[in-house]
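The values are calculated or read from the model by the stated rules, or taken from the named source; none is laboratory data. From a predicted model like this one, the values you see are computed outputs, not experimental measurements. Cβ placement follows ideal geometry from the backbone for every residue including glycine, while neighbour counts extend to all protein chains displayed. When the accessible area is computed, the model is the full protein with side chains, heavy atoms only, and any ligands, DNA or RNA have been set aside. Shrake-Rupley method; radii C 1.70, N 1.55, O 1.52, S 1.80 Å.
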Amino acid sequence: MGDYSKALEFYEKALKIDEKALPSNHPSLATSYNNIGQVYKNMGDYSKALEFYEKALKIDEKALPSNHPDLATSYNNIGGVYDDMGDYSKALEFYEKALKIREKVLPSNHPSLATSYNNI
């Protein structure tokens with residue numbers, strides 16, 4: 001609906017609960033950071049979006065196997081911000097990391113592969 005302040009309000013409430021209830025490297029925290037990053041990206045606040053996407057990535061890199069699809073999502077999200085900022089070489093770097101994981105773990109007709117190919 002485009003009500004970013006309301007979205008942030010609820011995502012931040014969820015994050016506070018997650019931070020109290022879960023260990024600092026729990027994948028659910030990464031999901032909360034990704035959600036907040038997405039709102040900032042949609043608002044055009046790319047530095048804040050990167051801040052939250054990078055927090056999510058750090059958790060994913062520690063908590064998940066190196067070929068986990070959620071890790072690909074984090075790489076893709078960061079690539080999207082760089083893409084929107086016009087930093088295409090940086091965007092490509094992250095989009096290609098996402099693609100490598102997706103090619104390894106997903107069937108060849110999976111929609112996430114199409115997303116990666118389109119992004120690149």
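Quick one: pull the percent of accessible area on the chain belonging to carbon and sulfur, 1.4 Å probe, ligands and nucleic acids left out.
Here carbon and sulfur together make up 50 percent of the probe-accessible area.
Once you have the Cα-Cα distance between ASP3 and ASP84, take 0.36 nm times their residue separation minus that, and quote the gain in nm to one decimal.
27.1 nm
By how many nm would the segment from GLU96 to HIS68 grow when fully extended, if each residue of separation counts as 0.36 nm and the alpha-carbon distance is taken off?
8.6 nm
Where the Cα atoms of the chain are projected onto their three principal axes, how long is each span, largest first, in whole Å?
Extents along the principal axes: 38, 30, 23 Å.
Measure off 7 Å from each Cα along the Cα-to-Cβ vector at LYS13 and GLU103, then give the distance between these two points in nanometres to one decimal.
4.4
Relative contact order for the chain: what percent, with Cα pairs under 8 Å and sequence separation of 6 or more?
Here the relative contact order equals 18 percent.
Give me the accessible area per residue for segment 51-120, probe 1.4 Å, as a whole number in Å².
Per residue, segment 51-120 has an accessible area of 55 Å².
R0 = 25 Å: FRET efficiency of GLU51 with ALA21, Cβ-based, nearest 0.05?
After rounding to 0.05, the efficiency reads 0.65.
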